[in-house]
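Notes for the one structure printed next.
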Amino acid sequence: SQKIEQNSEALNIQEGKTATLTCNYTNYSPAYLQWYRQDPGRGPVFLLLIRENEKEKRKERLKVTFDTTLKQSLFHITASQPADSATYLCALGSYGNNRLAFGKGNQVVVIP
Amino acid sequence: NAGVTQTPKFQVLKTGQSMTLQCAQDMNHEYMSWYRQDPGMGLRLIHYSVGAGITDQGEVPNGYNVSRSTTEDFPLRLLSAAPSQTSVYFCASSVGGRPNSGANVLTFGAGSRLTVL
């Protein structure tokens, strides 16, 4: 069965540094991959989408890469700020059924 | 534009009781879905709908019923609550949820925290 792995340990990072999160998957060939942000007690919020034929996507201080050979996506937050502290979820989808499969999320804590 | 609205925000039930979690969206989205989120488990799809009158099962449908009589509303019913259904429930909607209609980018509600004693 398909498996999506995100690091269960929180990432503690100093303000101003780059935070990098990993999303690995197995037994799946997604057509696209998304990243969402979730704050405590709130619903996830969509951040970025990258398709299988795209290597990299950027949005302001966020960058996502997608390597279908390694079956991995990297999510970068550059010049991190305390307001970036949250849990980040990756989600994989295929156009055929469009049912998103989510990873468990990875918490980021930015230390001032 | 309220987005996706879920009610109630919190609910405590006794085993065997029934209840309905309400979800409404005002974005004219065709696709609506229900997820549950448990510690260490991530988001799991319960049921989804690609339009009024059409529903289908997700990954963990047992114990839950849904219907979609209008585009705007997608209620989730628990007919006989069990402690295993203690969870946080999220409703989500999107424009591109039909198969082969483009990427499915979800807008989530704020969640409903359910405790079953």
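The values are calculated or read from the model by the stated rules, or taken from the named source; none is laboratory data. Nothing here was measured: the structure is a model prediction, and the numbers come from that model. For neighbour counting, all protein chains shown are included, and Cβ atoms are generated from backbone atoms with ideal geometry for every residue, glycine included. What goes into the accessible areas is simple: the full protein's heavy atoms, side chains included, and nothing from ligands, DNA or RNA. Shrake-Rupley method; radii C 1.70, N 1.55, O 1.52, S 1.80 Å.
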Practice prompt. Could you run through segment A:31-45 and say how many residues are touching a Gly at 6+ places or on another chain (Cβ under 6 Å) and touching a residue at least 60 places away in the same chain (Cβ under 8 Å)?
Written response: 1
Response to the item:
Among (1) in contact (Cβ under 8 Å) with a residue 24 or more places away in the chain; (2) away from chain B (no Cβ under 12 Å), A:D67 falls short only on (1)
Discussion item. Give me the residue from segment A:5-39 that is within 14 Å of chain B (Cβ to nearest Cβ) and among the acidic types (D, E) and, out of that set, nearest to A:L100 (Cα to Cα).
Written reply: A:E5
Worksheet entry | Residue identified as within 14 Å of another protein chain (Cβ to nearest Cβ), open to solvent by 70 Å² or more (accessible area, probe 1.4 Å), out of contact with any helix residue (DSSP H, G or I) (no Cβ under 7 Å at 6 or more places or on another chain) and in contact (Cβ under 8 Å) with a residue 60 or more places away in the chain among A:Q107, A:Q81 | A:Q107
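Taking segment B:60-86 on its own, how many of its residues are part of a strand (DSSP E or B) and within 14 Å of chain A (Cβ to nearest Cβ)?
Of the residues in segment B:60-86, 0 are part of a strand (DSSP E or B) and within 14 Å of chain A (Cβ to nearest Cβ).
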Discussion item. Checking B:H29 against (1) at pLDDT below 95; (2) assigned to a strand (DSSP E or B), only one condition comes out false. Which one?
Written reply: (2)
Item to complete: Could you please find all residues in segment B:89-117 being buried (at least 18 other Cβ atoms within 10 Å of the Cβ) and outside any loop (DSSP other than H, G, I, E, B)?
Response: B:Y89, B:F90, B:C91, B:A92, B:S93, B:S94, B:T107, B:F108, B:S112, B:L114, B:V116
Discussion item. Would you confirm whether or not segment A:93-101 contains a residue that is assigned to a strand (DSSP E or B), modelled with pLDDT under 95 and within 11 Å of another protein chain (Cβ to nearest Cβ)?
Written reply: yes
Practice prompt. Answer yes or no as to whether B:A52 is at pLDDT below 95 and open to solvent by 10 Å² or more (accessible area, probe 1.4 Å).
Written response: yes
Fill in: Qualifying position, being of a type in the set (S, T, N, Q), within 14 Å of chain A (Cβ to nearest Cβ) and within 22 Å of A:T87 (Cα to Cα), among B:Q57, B:Q25, B:Q6
B:Q6
Worksheet item: Does segment A:10-30 include one or more residues that are of a type in the set (K, R) and within 23 Å of A:V109 (Cβ to Cβ)?
Response: yes
Worksheet entry | Residue selected from segment B:7-30 under the condition under 12 Å from the mean Cα position of the chain (by Cα) and within 10 Å of B:L78 (Cβ to Cβ), by the criterion least open to solvent (accessible area, probe 1.4 Å) | B:L21
